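Trainee: Just passing along the structure, written as structure tokens.
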2 protein chains.
Amino acid sequence: MQAGEGKLTLVVIGVGLIGGSFALALKRAGKVGRVIGVGRSAANLARAVELGVIDEACSSAADAVHGADIVLVATPVGQMGRVFAEIAPHLPAHCVVTDGGSTKSDVVALMRQHLAAQLAHCVPAHPIAGSDLSGAAAAQYGLYDNRRVVVTPLPQTLPFAANLVTGLWQACGARVYAMTAAEHDGVFATVSHLPHLLAFAYVDMIVGKRDAERCFDFAATGFRDFTRIAGSHPEMWRDIALANREALLAELDAYRATLDTLRSELANADAAALTERFERARAARHGWQQKFIRGNG
Amino acid sequence: MQAGEGKLTLVVIGVGLIGGSFALALKRAGKVGRVIGVGRSAANLARAVELGVIDEACSSAADAVHGADIVLVATPVGQMGRVFAEIAPHLPAHCVVTDGGSTKSDVVALMRQHLAAQLAHCVPAHPIAGSDLSGAAAAQYGLYDNRRVVVTPLPQTLPFAANLVTGLWQACGARVYAMTAAEHDGVFATVSHLPHLLAFAYVDMIVGKRDAERCFDFAATGFRDFTRIAGSHPEMWRDIALANREALLAELDAYRATLDTLRSELANADAAALTERFERARAARHGWQQKFIRGNG
């Protein structure tokens, strides 16, 4: 297939929910011509071609990036170092490299290590569009409509590169925010990574109980919602936890400190302190929900 | 209004979601004739009469129970001691007393203290039907369809009394389970009370952060579900936490132990241990969900 006149050639490395949906949105927006998909599973790539998510499948990232204008690395963060190292010698001079990882400081470090000569063209990014689905079949139009995307440009990143990535995400319908990788990782350790660890730990604690079966028998809707994220992908969350380890350890300690205070308030039957704490949390949760519904309704 | 022939006279003390829905279900099932509602809010009782949830409003529990066959105390647990003390001298000899509290050991203790002469007619119970709604207007038909109700009869409870309460809840469409008050409190500390405290503590921790506003800005659907129960009623949960303090402190310590292990696995970057823990939790959560969907369709 020919590249559309004046349209960008996009290489998506890791054709799943994130990378596949990015390709679909940009094709529909007319921002990209040829889309080349790279992955380890030939079956998944074949499915991606079948579904029109990509135009061409390629088993080698090095080969795929030769004619690329923009490369999205949408593999698990754990594989990005290998991918960056593989594509580095083959990237066209003008080519912009971005990613879809949920953590950014570690991706920045990998870019500094493996893409030292291309840092001016590197634009780390995190599209916030979670889902339990995976594989090319999970790719969907509209996944990014009104979703948030955080870009964390490096000091070396050229404005044109940051603008290109920002513009492409906006063309996908997303709202783009810029911050430093460290700021990003702190925020997401708080609102996403910590709760996942807390939910995994909670369910795992029950599994270890003598009366685990009876406990699960009487778990209801509160349990269902509180533990939904404990059904998330173990390897993905292991990678995220390890990738954002420093920020996450700090969050775990902050949480433990709050929990210890709460425990002593309960041990001392300090009704006033408990009420104040619960009211503060409830008010914040209600305020958040109103804004969230307005922003995502 | 006349009592239906051979039908029970029900007194509901605390006409809200739990008590009001119990009355509606039993009227529809034809199990009760006259329903007398008792509460501190005249406006709420008037609304309950208007809605047909109760037949008569009464501001005094002592007066209301004179002709009662069965009394459901559906107030917050924190008010039950006062209610039991108030009705004790006025209960007909045959009258059965039950409650709708989320904790049972403390209700049993209050019954022993205030209803010593009526223990044979006391049947503590916990209908598991949560909701953020409250007041008579929240009462609804079908609230208990296929829901679980735990009864925790005392050693002194006469079989006829336990059978009456069990039968009435079954007439409401509920599945009734019997266990001891201590067993009940342990199970619910694990699957309900602990997660509420964990969710309250988590949101409260964020409120205390310098970048709280930005954190909330980027919180998404995982956060939404994990923290939904942090929007629960502060006084109600303060009462539940204090009422089930011993069991809850034990759960908090067990959770902290799991969290400490998880923290050291993360600090040591023990990928294998983290994966194993997350997989164990995910498998248990998936297994639970399948059973829950089958059971609650």
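The values are calculated or read from the model by the stated rules, or taken from the named source; none is laboratory data. Fair warning: this is a prediction, and the values are worked out from it, not measured in the lab. Note that each Cβ is placed from the backbone with ideal geometry, even for glycine, and that neighbours are counted across all protein chains shown. When the accessible area is computed, the model is the full protein with side chains, heavy atoms only, and any ligands, DNA or RNA have been set aside. Shrake-Rupley method; radii C 1.70, N 1.55, O 1.52, S 1.80 Å.
Quick grid of which residues meet (1) open to solvent by 10 Å² or more (accessible area, probe 1.4 Å); (2) facing chain A (nearest Cβ under 8 Å); (3) out of contact with any Pro (no Cβ under 8 Å at 6 or more places or on another chain):
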residue	(1), (2), (3)
B:Leu198	no, yes, yes
B:Ile206	no, yes, yes
B:Arg228	yes, yes, yes
B:Glu235	yes, yes, no
B:Thr258	yes, yes, yes
B:Glu265	yes, no, yes
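Trainee: Within the stretch A:143-159, does at least one residue satisfy the condition of being open to solvent by 50 Å² or more (accessible area, probe 1.4 Å) and under 19 Å from A:Val11 (Cα atoms)?
Mentor: No, because not a single residue in the stretch A:143-159 is open to solvent by 50 Å² or more (accessible area, probe 1.4 Å) and under 19 Å from A:Val11 (Cα atoms).
Trainee: When the stretch A:4-23 is examined, which residues are found to be open to solvent by less than 10 Å² (accessible area, probe 1.4 Å) and part of a helix (DSSP H, G or I)?
Mentor: Residues satisfying the conditions are A:Gly19, A:Gly20, A:Ser21, A:Phe22, A:Ala23.
Trainee: Moving on. So, restricting to helices (runs of 4 or more DSSP H) that lie completely within the stretch B:183-280, which ones have at least 2 residues that are without any contact (Cβ under 8 Å) to a residue 24 or more places away in the chain and under 15 Å from A:Leu197 (Cα atoms)?
Mentor: B:221-227, B:245-267
Trainee: Continuing with this model, one more query. Go through the stretch A:237-252 and give me each residue that's at the interface with chain B (Cβ under 7 Å from one of its Cβ atoms) and either among the polar types (S, T, N, Q) or under 16 Å from the mean Cα position of the chain (by Cα) (or both). Before you say what the answer is, go through the steps one by one.
Mentor: Residues of the stretch A:237-252 at the interface with chain B (Cβ under 7 Å from one of its Cβ atoms): A:237-238, A:241-242, A:245, A:248-249, A:252.
Listed by number, the residues that qualify are A:Trp237, A:Arg238, A:Ala241, A:Leu242, A:Arg245, A:Leu248.
Trainee: Kindly list, by first and then second residue, each pair from a residue in the stretch B:49-63 that is closer than 13 Å to B:Ala138 by Cα to a residue that is open to solvent by 80 Å² or more (accessible area, probe 1.4 Å), limited to pairs with Cβ atoms under 9 Å and residues at least 6 apart or on different chains.
Mentor: So the pair list comes out as B:Val53/B:Arg47.
Trainee: Okay, next question. Of all residues being touching a helix residue (DSSP H, G or I) at 6+ places or on another chain (Cβ under 6 Å) and among the polar types (S, T, N, Q) in the stretch A:240-286, which is farthest from B:Ala250 (Cα to Cα)? Just the residue, please.
Mentor: A:Asn244
Trainee: Same structure, new question: Please give the number of the condition A:Arg148 fails out of (1) under 15 Å from the mean Cα position of the chain (by Cα); (2) away from chain B (no Cβ under 14 Å); (3) modelled with pLDDT under 95.
Mentor: It is condition (2) that A:Arg148 fails.
Trainee: Moving on to the next point. Could you identify the single residue in A:Ala57, A:Ala68, A:Ala88 that is open to solvent by less than 10 Å² (accessible area, probe 1.4 Å) and more than 30 Å from A:Thr190 (Cα to Cα)?
Mentor: On the way: A:Ala57 fails: open to solvent by less than 10 Å² (accessible area, probe 1.4 Å); A:Ala88 fails: open to solvent by less than 10 Å² (accessible area, probe 1.4 Å).
Just a single option satisfies the conditions, and that option is A:Ala68.
Trainee: Looking only at the stretch A:160-196, filter to residues that are over 29 Å from B:Ala281 (Cα atoms) and charged (D, E, K, R); which one of those is surrounded by the most Cβ atoms within 10 Å (Cβ to Cβ)? It would help to see each step written out before you state the result.
Mentor: Filtering the stretch A:160-196 for residues over 29 Å from B:Ala281 (Cα atoms) gives A:160-183.
Those left that are additionally charged (D, E, K, R): A:175, A:183.
Numbers: A:Arg175: 14, A:Glu183: 16.
Ranking the candidates gives A:Glu183 first.
Trainee: More than 17 Å from B:Gly135 (Cβ to Cβ) and not hydrophobic (A, V, I, L, M, F, W, C): which single residue out of B:Ser21, B:Ser60, B:Ser41 fits that description?
Mentor: Values: B:Ser21 fails: more than 17 Å from B:Gly135 (Cβ to Cβ); B:Ser41 fails: more than 17 Å from B:Gly135 (Cβ to Cβ).
The conditions single out B:Ser60.
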